[in-house]
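This report concerns only the one structure given below.
The values are calculated or read from the model by the stated rules, or taken from the named source; none is laboratory data. Treat the numbers as computed from the prediction; the structure is a model and nothing was measured. Cβ placement follows ideal geometry from the backbone for every residue including glycine, while neighbour counts extend to all protein chains displayed. Side chains included, ligands, DNA and RNA excluded: accessible areas come from the protein's heavy atoms. Shrake-Rupley method; radii C 1.70, N 1.55, O 1.52, S 1.80 Å.
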Amino acid sequence: MVKWIIAHGDSDGICSGAVALAAYKEAKLFFSHPTGLAEDIKQVDGDVIICDIALPARTLNGVLEELVRIKGSGHKTIYIDHHPFPPNFDPEAFPWEFHHSLSASAAEQTFSTLEDRLTLDFSRVAIYGAIGDYLDRTPNIDEWLMYWDKRSLYLESGLLIRAIDSMGRNHDLKREVARYLANNNLPSQDEKLVRRAIAEAIRDEEMRSQVKEVVKVVGEVAYVLDLDWSLSKSAINSKALTGTQVGIGAETRREFIDMSLRTHSERLDLNRMVLAITEKIGGSGGGHPKAAGARVPREKFQLFVEELNRLISEALKEPTVEY
Ligand SMILES: [Mn+2]
């Protein structure tokens, strides 16, 4: 019997956690993230499901040691994720139940994995999570959508995702949301959640017009620095409002600059670009082809933007295959 569920704290992670909770009502749900995972799973003393947490490059051994410990005490781990593997990871050598796809959200994979224990009702929670990660156009989701009216699901997922955006790192609130969804309740039925979502939507619109005023463009890269808004939303809006290929939302954190990067382009791989640039100029980063994060020394940020623009021009110059 699964006793622990550990999930990422974004909308896909929370929906994955909710689906797992619906399947294992007695389990305890905790939130973690790649860099904290090795430390956080030390408390696990039973069967565990881990959802939507990228295997970390730097603390990979710490995570694997803990999974060996869990196995040694007679318990199982189900690891469900959709982030690219770190370069030092060998999936063949991973001796636990492992569900991994780059093209399906963690929420979708969690529902597929635990489907036998769930009714089709919970497929909508998986769909909210998939929308949260922009991964709702998959064969499974197309099939599950036949059970629903898509238009209602957009309302529910919109409310849920905006409300989660407003919660920051408040894990207690997020746990409450996951429990609420696991009990087959709708976001629109919870007045507090709806109010949060609306307030967030109003702030989004205000911040969007601020992005218009302060956004800077370097070739195909648009960025905003220290806007005091969600980095991912800053990235998306910088890109969208300037018609560039890549947007960056960045903020100064002491001697570093943290950032979120987004692109809509099928021809760019931000994960690889960020790894290549930080390898060269210092810092760290990674993520998905279309959505990545990075941290660089403060004085290297301009150089980072210029290097990124150079890699983008190179990638766009390469001829694409015509069919
Ligand atoms: Mn995810």
Rounded tilt (10° steps) of 11-23 against the dominant C-alpha axis of the chain: 10
Links that overshoot a 22 Å alpha carbon limit, given the list Lys174/Lys233; Lys25/Lys174; Lys3/Lys174; Lys233/Lys280: Lys233/Lys280
Carbon and sulfur %, accessible surface of segment 2-195 computed with the full protein complex present, 1.4 Å: 50
Amide N proximity, segment 248-283 versus Gln210 label position 7 Å along Cα-to-Cβ, cut-off under 20 Å: 248-254, 257-262
The chain: angle of helix 301-317 to the longest principal axis, Cα-based, in degrees nearest 10: 90
Heavy-atom surface of segment 174-323, accessible at 1.4 Å and reported per residue (Å²): 54
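Which trypsin sites (Lys or Arg not before Pro) in segment 23-58 pass both tests, a DSSP loop state and at most 11 other beta-carbon atoms within 10 Å?
For trypsin sites (Lys or Arg not before Pro) across segment 23-58 that sit outside H, G, I, E and B with at most 11 neighbouring Cβ atoms in 10 Å, the list reads Lys25.
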Per residue value of the accessible surface for segment 1-72 (all protein chains in place, 1.4 Å probe), Å²: 37
Estimated translational D of segment 115-232 in µm²/s (Stokes, Kirkwood radius over Cα pairs; 20 °C; 1.002 mPa s): 133
Distance in nm between pseudo-label sites at Glu92 and Arg310 (7 Å out along the Cβ direction from Cα): 3.7
In Hz, Karplus ³J(HN,Hα) per residue of segment 225-230 (6.51, -1.76, 1.60; θ = phi - 60°; x = Gly, Pro): 10, 6, 8, 6, 9, 3
Low-density loop cleavage sites - trypsin sites (Lys or Arg not before Pro) in segment 129-231, where at most 15 other Cβ are within 10 Å (DSSP): Arg137, Arg169
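Computing the accessible area with a 1.4 Å probe over protein heavy atoms, can you report the carbon and sulfur percentage for segment 229-294?
Carbon-and-sulfur percentage of accessible area, whole number: 48.
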Segment 214-285: GluC sites (Glu not before Pro) falling in loop per DSSP and having at most 11 other Cβ within 10 Å: Glu255, Glu266
Acute angle (nearest 10 degrees) that the helix 191-214 long axis makes with the longest principal axis of the chain, alpha-carbon atoms: 10
The chain: most fluctuating residue of Asp142, Asp52, Asp90 per GNM, C-alpha cutoff 10 Å: Asp90
Full-extension gain in nm, Arg151 to Arg169, via 0.36 nm per residue minus C-alpha separation: 3.5 nm
Normalised convex hull volume, segment 2-195, alpha-carbon set, Å³ per residue: 111
Spatially proximal lysines relative to Lys239 (Cα-Cα < 23 Å; intrachain offsets below 8 disregarded): Lys212, Lys216, Lys290, Lys300, Lys317
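Cα-Cα pairs above 25 Å in segment 198-317: how many percent?
16
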Amide H contacts under 5 Å for Ile49, placed H, 5+ residues apart: Trp4, Ile5, Ile6, Ile78
